Amino acid sequence: METNNSIQFLRGKKVTLRPVVKEDVPRFLVWINDPDVRQYLSMYLPVMEADEQAWFENLSKSKETDIVFLIIADDQPIGCMGIHRINWKDKTAITGAFIGEKKYWGKGYGTEAKMLLLNYAFNSLNLRKVCASVLSFNGRSHAYQLKCGYKEEGRRKQQVYKNGRYWDEIFTAVFKKDWLPLWRKYRKTNLR
Ligand SMILES: CC(C)(COP(=O)(O)OP(=O)(O)OC[C@H]1O[C@@H](n2cnc3c(N)ncnc32)[C@H](O)[C@@H]1OP(=O)(O)O)[C@@H](O)C(=O)NCCC(=O)NCCS
């Protein structure tokens, strides 16, 4: 039977990435309100169904600058990943992601999804530089960004209050020219 998860936009080995559909909205509510997930994200207020619905309604209007994908593994949505604030003049953007199904953390799903996303950003959208940020206590996210070729560009000291104290915000970025050799190697080792 055809399901929403049969839709494939970017295809890897462990994951596929597809556009968001309205049936995904309730799942986002579960993921994004979960304190274990939320602690790593910028949101800190309860996210209501109406908020998510409005966000979803806006997605198709803003796709010139913001592109969001669901990450599918084992035929189930496990999280999402996006390219945001696309600047067509400077050829830059920022990426963000979370895996809401926590049993999938730390098993290479994020890295594969991010490499597929960067392949799309660099080799389809023709972006030049992709940026991201991560809170200093989020070792896993920092590590997977470095694995995908991002490098630290700077830090805002004690910028964000989470879990009872202030944390540094680390700014990272990857240039297409530095990422291409990494992609060739990753594709050969992990996607064949
Ligand atoms: C960040 C996230 C998308 C990464 O995806 P993932 O599938 O868990 O990441 P991967 O398994 O591909 O890579 C994680 C790497 O970090 C390493 N790692 C895990 N915990 C770590 C820690 N505390 N410190 C340093 N490295 C760590 C893992 O060993 C792995 O590297 P390896 O493959 O060389 O062993 C996912 O963990 C997630 O959604 N976390 C919660 C929300 C979040 O943090 N979002 C990002 C906000 S910036």
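Of note:
- Positions within the range 116-134 being under 12 Å from the mean Cα position of the chain (by Cα) and surrounded by fewer than 17 Cβ atoms within 10 Å (Cβ to Cβ), in sequence order: C131
- Being more than 14 Å from the ligand (Cβ to nearest atom), without any contact (Cβ under 8 Å) to a residue 24 or more places away in the chain, surrounded by fewer than 20 Cβ atoms within 10 Å (Cβ to Cβ) and assigned to a helix (DSSP H, G or I) is a property that holds for K177.
- Tabulated pairs, the range 83-111, first closer than 19 Å to V20 by Cα, second more than 6 Å from the ligand (Cβ to nearest atom) and assigned to a helix (DSSP H, G or I), C-beta under 6 angstrom, 6+ apart or interchain: I83/A121; G100/W31
- Within the range 35-45, one or more residues are among the charged types (D, E, K, R) and either under 26 Å from R140 (Cβ atoms) or touching a Cys at 6+ places or on another chain (Cβ under 8 Å) (or both).
- Residue match in the range 45-63 (condition: aliphatic (A, V, I, L, M) and within 14 Å of the ligand (Cβ to nearest atom)): no
Just so you know, all these numbers are worked out from the coordinates, no wet-lab data involved. Note that this is a predicted model, so its numbers are computed, not measured. Backbone-built Cβ (ideal geometry, glycine too); neighbour counts: all protein chains shown.
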